[in-house]
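Accompanying notes for the structure given below.
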Amino acid sequence: MYAQGMKVGIFDSGLGGLFTLRAIAETLPKYDYVYLGDTKHLPYGSRSHDEIYQYLKEGLSFLFQNECGLVIVACNSASAEALKRVQSEYLPIHYPDRKVLGMIVPMTEACASYDHVGLIATLATVHSGAYEREFKKRTPHTRLTSLATPNLVPLIESGDHERVVASLKEYLAQLTDIDALLLGCTHYAIVKDIIQKIVPTSVAIISQDTVVPLKTSDYLDRHPEIEKTLSRDGTKAFFVTSMSDRFRELAKDWFGEAIIVQEVSLPEDVK
Ligand code: DGL
């Protein structure tokens, strides 16, 4: 039995997930959204499995307490390192009626028609091997070449355009003969336009702001028992665990001046 009047939660380690939320809400505007950016613990990309698992549980617990029935983990590092464990160990005991979806499955599915995909992602995502496992299972004929690109998140967060371009050029030169480039990190969608100018036009860019809204819509069509529990006032609430001017600026740029971003502390004793 599912509770009624539930919201859609979007979880990320920082601000990149805002871009994913904006895209989802453009496609599915009627639902109510709660965004949580765990900016206090950013970057997840250089953290251990146990740290990411713990922070993800704390973030989910906050979102569930704020009436989220469905949570989309926009953060690839958290999806890659901790989602399966959350689904098998944490949810069944503490929140058996809530659903949590990640990035690895939908992004992999979006690559199925390509021959050779280049993945750029954080160290945590690449080291987890999650994309390799999912590619083998879902699209075994597609070759995957993974490249950890740890300098990009701090540069994108800093907003230093020239250094972002230089770093992207250096990294992308290492991925040759690919026909698609998978942006395996929330932040990379923000610089998709720059990436498009660097890679040959024959390379398709697989980005979560285009993939995830359609996959979410498809998921809700296939799961009416979840869809009918969702409230429909078209609201958005924004929370971070550590406030920054950059987060406020971007949130206002993307969602309008009127939005309110609140700083919150997460429950730290989540088992
Ligand atoms: N949100 C993370 C991801 O998608 C990137 C930022 C971080 O390292 O925390 O992998």
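The values are calculated or read from the model by the stated rules, or taken from the named source; none is laboratory data. All values derive from a computational prediction rather than experimental measurement. Positions of Cβ are generated from backbone atoms using ideal geometry, with glycine treated the same way; all protein chains shown enter the neighbour counts. Calculation scope for accessible area: heavy atoms of the full protein, side chains included, ligands and nucleic acids excluded. Shrake-Rupley method; radii C 1.70, N 1.55, O 1.52, S 1.80 Å.
Summary table
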{"read-out": "Pro106 being open to solvent by 10 Å² or more (accessible area, probe 1.4 Å), within 11 Å of the ligand (Cβ to nearest atom) and within 15 Å of the chain's Cα centre (by Cα)", "value": "no"}
{"read-out": "Hey, Val191 in contact with a helix residue (DSSP H, G or I) (Cβ under 8 Å, 6 or more places away or on another chain), in a helix (DSSP H, G or I), more than 25 Å from Ala80 (Cα to Cα) and not charged (D, E, K, R) or not", "value": "no"}
{"read-out": "Qualifying strands (runs of 3 or more DSSP E) (wholly inside region 1-98; at least 1 residues being among the hydroxyl-bearing types (Ser, Thr, Tyr))", "value": "33-37"}
{"read-out": "Residue, surrounded by the most Cβ atoms within 10 Å (Cβ to Cβ), within region 174-209, restricted to residues that are within 12 Å of the chain's Cα centre (by Cα) and not aliphatic (A, V, I, L, M)", "value": "Thr186"}
{"read-out": "Scan of region 235-252 for residues that are farther than 18 Å from Ala189 by Cβ, outside any strand (DSSP E or B) and under 21 Å from the mean Cα position of the chain (by Cα), ordered by number", "value": "Thr235, Thr241, Ser242, Met243, Ser244, Arg248, Lys252"}
{"read-out": "Residue list for region 99-128, filter: closer than 21 Å to Asp179 by Cα and part of a strand (DSSP E or B)", "value": "His116, Val117, Gly118, Leu119, Ile120, Ala121"}
{"read-out": "Qualifying residue in region 157-164 (condition: in a loop (DSSP other than H, G, I, E, B) and open to solvent by 20 Å² or more (accessible area, probe 1.4 Å))", "value": "yes"}
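Conditions tested, residue by residue: (1) within 12 Å of the ligand (Cβ to nearest atom); (2) open to solvent by 60 Å² or more (accessible area, probe 1.4 Å); (3) without any contact (Cβ under 8 Å) to a residue 40 or more places away in the chain.
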site: Asp38; (1), (2), (3): yes, no, no
site: Arg47; (1), (2), (3): yes, yes, no
site: Asp50; (1), (2), (3): no, yes, yes
site: Gln54; (1), (2), (3): no, no, no
site: Ala74; (1), (2), (3): yes, no, no
site: Ala78; (1), (2), (3): yes, no, no
site: Pro92; (1), (2), (3): no, yes, yes
site: Leu101; (1), (2), (3): no, no, no
